[in-house]
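Next up is a structure, given as structure tokens.
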Amino acid sequence: MNNGKQSRFLFTMTCFGLAFLYVPMILLIFYSFNKSRIVPVWGGFSTKWYGVLFESKAVGEAIVLSLKVATVNATFAMILGTLAGLALVRFGRFKGRTLFTGMISAPLVMPEVITGLSLLLLFITLNEFIGWPSSRGFTTITIAHITFSMAYVAVIIQSRLTGMAQDLEEAAQDLGAKPFRVLVDITLPLLAPGMLAGWLLAFTLSLDDLIIASFVSGPGAVTLPMLIYSRIRLGLRPDINALATIIILVVAIGVLVAAWIMFRQQKQRELELKMSEET
Amino acid sequence: MGYLFQRNWRSIVLFVPFFWLLLFFLAPFFIVLKISLAESVIASPPFTPMIEWVDEGIMHIRVVVDNFAYLWEDDLYAKVYLNSIKISSISTILCLLLGYPMAYAIVRSSHTTKHILLMLVILPFWTSFLLRVYAWMGLLADQGTINNLLIAIGIIDEPLRMLYTPFAVYIGIVYTYVPFMILPLYANMEKLDWTLLEAAADLGAKPMTTFFTVTLPMTLPGIVAGSLLVFIPATGEFVIPDLLGGGNVLMIGRILYNEFNANIDWPVASAVAIALLLLLVLPMMLYQHIQAKQTEAE
């Protein structure tokens, strides 16, 4: 295998891999504009399935519930995850550290069926003994989501804290700032980009979860993935293609805008660095 | 109050997430363990209590291992268990075969291309997992895109049965989890000393020899991390076998879900959960160990 052959092989595999990732999604979007009720049989161009989608009250309610859960979850997960990350990186040894490390990283790899089942059984047991939660829905789904989302936020915060130079914090301390002031005035502002990234990740994880929400939800509380799942279980549906198209486009635009902003910021920094070197 | 807070803020920072995890992560496991050792009864809740007060002050602890014995004796569960391991192992290998060259290509490409390729790999992760599985239902169905295309070209006359077969489950798992293979491999390859490859070539090693004696050993930590990140969630997968495998592909996550929701047998469902956890506890600990070592190295 010479070098040309090797790079041709790599090129082919990458193209194949990317096609494998993207062709199904492109076809999904394509068939959302299909007039025919049978999804993969083309019957002419039409946007009628978008109309069907917007008229559905159940879809609207599911979207509202999912966005509510995702927002509250992301906010709490950001706070708890940041606290956990701070404790793990900056507190050195403390009692129960091993247990804490285990508990914060286990949700990352725990099968969702187990997390979902165990949380549901907890809510039922709690209800039996203290009468709370009396019904399952928004609150129980949000608590379940916070529990696994905060682990992801903690990982982001941990990696940012370990990569962050401590000189600003040390300087503030040398100038007489109390540890708590250092945390609020120096560390947290420096962590802000990581916290924002954590918030966005927690928001997305929550919007994407089907299994845990299905376990801990009660009658009447249907999130968007639960609604989609109950419809596609029985086969292909053109209105779900329309819904998928909207979701994919919103996400793609969001990620592209975020990437563009980051790219510009980096360019700006590089430019400033160059200018400061020249003077 | 202000003074107290100034002194104790460290404990508060630690206490809040610690307490949350104790209540909502650790405690639930003990409840699952407890219920897995109970008997199923038709009542609410549908299982027997572990501790009963028989007479005044006499405590009666009832622990039954029947549920685990049942799992052990029933052929169905053994088959499902082995089938889950088989499907997730084969899927992990397929992810590696596809992901390794891709990660390699990304690392070796120029600065801008590298960023674009990485973003293309990560982007599907941000879109709905459920809808990506749904996309394959449209491709693999009897009247789906692939069958329609093959019939139109004239390669086949009858539609191939692909949806609701193990084949569809493999496709679904590889499709959803290949980014989890690529990213750890990329992170690992990014830090490698590539001059070693040139050195090997200069010393006359053939490309194949270089690959097996230099590249592969150096990227082993990435391979292990990526494989675990695919194997662990794939073993407990519910959505993919349910939507793409139909009734033909039984996996442990699906059995657990059905046992709980359709059969309402909580003790058996809990026993299945404990059994799944026992299967995954070694890979999970191995992954944590690797992660901890990596953080230390940094």
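Viscosity 1.306 mPa s, temperature 10 °C: what is the translational diffusion coefficient of the stretch A:149-279 from Stokes-Einstein with a Kirkwood Rh over Cα pairs, rounded to a whole number of µm²/s?
So the translational diffusion coefficient is about 84 µm²/s.
Quick one: of A:Lys5/B:Lys206; A:Lys267/B:Lys114; A:Lys274/B:Lys191, which pairs are farther than 21 Å apart, Cα to Cα?
Violating the 21 Å limit, Cα to Cα: A:Lys274/B:Lys191.
Which of the helices in chain B, when you take each full DSSP H run, stretch at least 27 Å along the axis at their Cα atoms and have an average Kyte-Doolittle score of 0.5 or higher?
Those that clear 27 Å and a mean of 0.5 are B:2-21, B:75-108, B:166-190, B:266-297.
Using the Cα centre of chain B as the reference point, and only Cβ charges (+1 on K/R, -1 on D/E), how large is the resulting charge dipole? Debye, rounded to the nearest 20.
980 debye
Return, for the Cα atoms of the stretch B:94-185, the radius of gyration and Dmax in Å, separated by a comma.
Here Rg and the maximum Cα pair distance are 16.0, 48 Å.
Tell me, what are the semi-axes, in whole angstrom and largest first, of the equivalent ellipsoid of the stretch A:56-139 as set by the roots of 5 times the Cα gyration tensor eigenvalues?
So the three semi-axes of the stretch A:56-139 are 30, 19, 13 Å.
Amide H to amide H, which residues 5 or more places from B:Glu237 or on other chains are under 5 Å from it, using H placed in the peptide plane?
Under 5 Å from the amide H of B:Glu237: B:Gly253.
Long-range amide H contacts for B:Phe47: which residues qualify at under 5 Å (H placed 1.01 Å from N, peptide plane, sequence gap of 5 or more or a different chain)?
Amide H neighbours of B:Phe47: B:Val41.
Could you pull the Cα extents of the protein assembly as shown along its three principal axes, largest to smallest, in whole Å?
Sorted largest first, the three principal extents are 84, 80, 54 Å.
While we're looking at this one, here's another question. Considering the dipole of chain B built from charges on the beta carbon (Lys and Arg +1, Asp and Glu -1) around the Cα centre, which of B:Met189, B:Asn147, B:Val16 is farthest to its positive end?
Checking the options against the dipole of chain B, the answer is B:Met189.
Same structure again: I'd like to verify something in chain A: which complete DSSP H helices, judged by Cα projection on the helix axis, reach 27 Å or more and average at least 1.6 on the Kyte-Doolittle scale?
Correct list, ordered by number: empty.
Please report the Cα spread of the stretch B:140-298 along all three principal axes, rounded to whole Å, starting with the longest.
If we take the Cα atoms of the stretch B:140-298, the spans are 61, 53, 20 Å.
While we're here: Do me a favour and compute the ellipsoid semi-axes for the stretch A:40-93 from its Cα gyration tensor, root of five times each eigenvalue, largest one first, whole Å.
They are 45, 15, 6 Å, listed from largest to smallest.
Where does each of B:Leu192, B:Leu131, A:Leu175 land when they are ranked from fewest to most other beta-carbon atoms within 10 angstrom?
The fewest-first ordering by Cβ neighbours comes to A:Leu175, B:Leu192, B:Leu131.
Does chain B come out rounded, prolate or oblate, given a ≥ b ≥ c as the square roots of the eigenvalues of its C-alpha gyration tensor, rounded meaning a/c under 1.5 and, failing that, prolate meaning a/b above b/c?
Taking the square roots of the gyration eigenvalues as a ≥ b ≥ c, chain B is oblate.
Could you state the principal axis extents of the C-alpha atoms in chain A, from the largest down, to the nearest angstrom?
Largest to smallest, the principal-axis extents are 73, 68, 42 Å.
Quick note: the coordinates plus some simple rules give every number you see, no bench work behind them. Keep in mind the model is a prediction, meaning the values are calculated, not measured. FYI the Cβ positions are ideal-geometry reconstructions off the backbone, even for glycines, and counts take in every protein chain you see.
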